[in-house]
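One structure is given here, and the rest of the page talks about it.
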Amino acid sequence: MLERMRIFSGNANIALAEKICRNLGVLLGKANVTTFSDGETRVEINENVRGMDVFIVQPTCPPVNVTLMELLIMIDAMKRASADRITAVIPYYGYGRQDRKVVPRAPISAKLVADLIHTAGADRVLAMDLHAGQIQGFFDIPVDNLFATPVLLEYMRSHYQDNMVIVSPDTGGVERARAFGSRLGSSLAIIDKRREGPNEAQVMNIIGNVEGKKAVLLDDMVDTAGTVVQASIALEAAGALDVSVCCTHPVLSGPAIDRIEKSNLTEVIVTDTIPLHERAKACSRIKVLSVAGLLSEAVRRIYYNDSVSSLFI
């Protein structure tokens, strides 16, 4: 039934692409994605894609510029090989934090990347937990923005049942935290913080009651872990019994693992939109959940031109 479907992957997250293929009962497409001796990305598609419905699984995760170029060049290769439709499956959208001008003469890099993907030849984008919802409007092609909420909720219901408070690490994540907490029947708290610079945050105040409760910080990503570690200190000082983190994208760059290991965090729950690097794999506090089932169902529905909206929860 999926004879016209072809799924390919760059080097960013081959394991996730293979899981998606297993769920759909198809083979991962044959492609060589390497580099020339000077570092230029080299792509060879080793099977026929003429008239096929092609899905390219490639989160633009670190090294971001390398994975982004792999995605763009693979899309171009598919277009020139006469693929019927090309869907860029981007579980993690790099440059998503640069979605507006916060200082004079700043770029809006999220829009630039959207233009590059469209110009390369993508007909559709399937993303997960975009950093800002308005990024969908940066594209001139359809964008399906899935949420990892069903996967995270299933784990939370089985491991964090009673006496829990969902905490938003900033005011921008309040809507996400409120929706998450309502599905768990949990109360809500908000961290009021002031950002001093890129990857730097200072916790100022906690809005809401966390005393005597198990606090779960909810965010779309953890990068250097500075925000969540400072938040965990403030939450325990306010009387929280323990503090855990729940997020979709484990960027975990720079000093993130050192900070997590030295912190009072009980658990850091993440998904496999981004593969963990070796130090992160060795960290016993990090729990990885797979979103392959959610992505494979979305891919199946897109292939059959069925509604994807029921997955937007």
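The table that follows gives values for the structure above.
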| read-out | value |
| --- | --- |
| Test for V174: is it at pLDDT 95 or above and surrounded by 13 or more Cβ atoms within 10 Å (Cβ to Cβ) | no |
| Candidates S109, S37 - the one that is under 19 Å from D140 (Cα atoms), of a type in the set (S, T, Y) and surrounded by fewer than 19 Cβ atoms within 10 Å (Cβ to Cβ) | S109 |
| Unmet criterion (only one of (1) assigned to a loop (DSSP other than H, G, I, E, B); (2) surrounded by 13 or more Cβ atoms within 10 Å (Cβ to Cβ)) for E47 | (2) |
| Residue satisfying condition, being surrounded by fewer than 16 Cβ atoms within 10 Å (Cβ to Cβ), touching a residue at least 24 places away in the same chain (Cβ under 8 Å) and at negative phi, within set D76, D99, D84 | D84 |
| Residue list for segment 73-124, filter: under 28 Å from D219 (Cβ atoms), of a type in the set (A, V, I, L, M, F, W, C) and not in a loop (DSSP other than H, G, I, E, B) | A88, V89, I90, A110, L112, V113, A114, L116, I117 |
| The one condition in (1) under 23 Å from V291 (Cα atoms); (2) touching a residue at least 24 places away in the same chain (Cβ under 8 Å) that F139 fails to fulfil | (1) |
| Filter result (over 15 Å from A215 (Cα atoms) and acidic (D, E)) within segment 163-180 | E175 |
| Qualifying positions in segment 12-34 - surrounded by fewer than 19 Cβ atoms within 10 Å (Cβ to Cβ) and not hydrophobic (A, V, I, L, M, F, W, C) | E18, R22, N23, G25, K30, N32, T34 |
| Hits in segment 271-287 - residues which are over 16 Å from A12 (Cβ atoms) and either buried (at least 18 other Cβ atoms within 10 Å of the Cβ) or among the hydrophobic types (A, V, I, L, M, F, W, C) (or both) | A282, C283, I286 |
| Filtered residues of segment 212-252 (kept if polar (S, T, N, Q), out of contact with any helix residue (DSSP H, G or I) (no Cβ under 6 Å at 6 or more places or on another chain) and within 22 Å of L152 (Cα to Cα)) | T227, S232, S244, T248 |
| Test result for I45, within 21 Å of the chain's Cα centre (by Cα) and under 20 Å from M5 (Cβ atoms) | no |
| Residue satisfying all of: in segment 160-171; at pLDDT 90 or above and over 18 Å from the mean Cα position of the chain (by Cα); surrounded by the fewest Cβ atoms within 10 Å (Cβ to Cβ) among these | M164 |
| Matching residues, segment 50-72, being buried (at least 22 other Cβ atoms within 10 Å of the Cβ), among the aliphatic types (A, V, I, L, M) and outside any helix (DSSP H, G or I) | V54, I56, V57 |
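Residues checked against (1) at pLDDT below 95; (2) within 26 Å of R100 (Cβ to Cβ):
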position: N205; (1), (2): yes, yes
position: A215; (1), (2): no, no
position: D223; (1), (2): no, yes
position: I269; (1), (2): no, no
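The values are calculated or read from the model by the stated rules, or taken from the named source; none is laboratory data. What you are looking at is a predicted structure, and each value in this text was computed from that prediction instead of being measured. Heads up, the Cβs are rebuilt from the backbone with ideal geometry, glycines too, and the neighbour counts pull from every protein chain shown.
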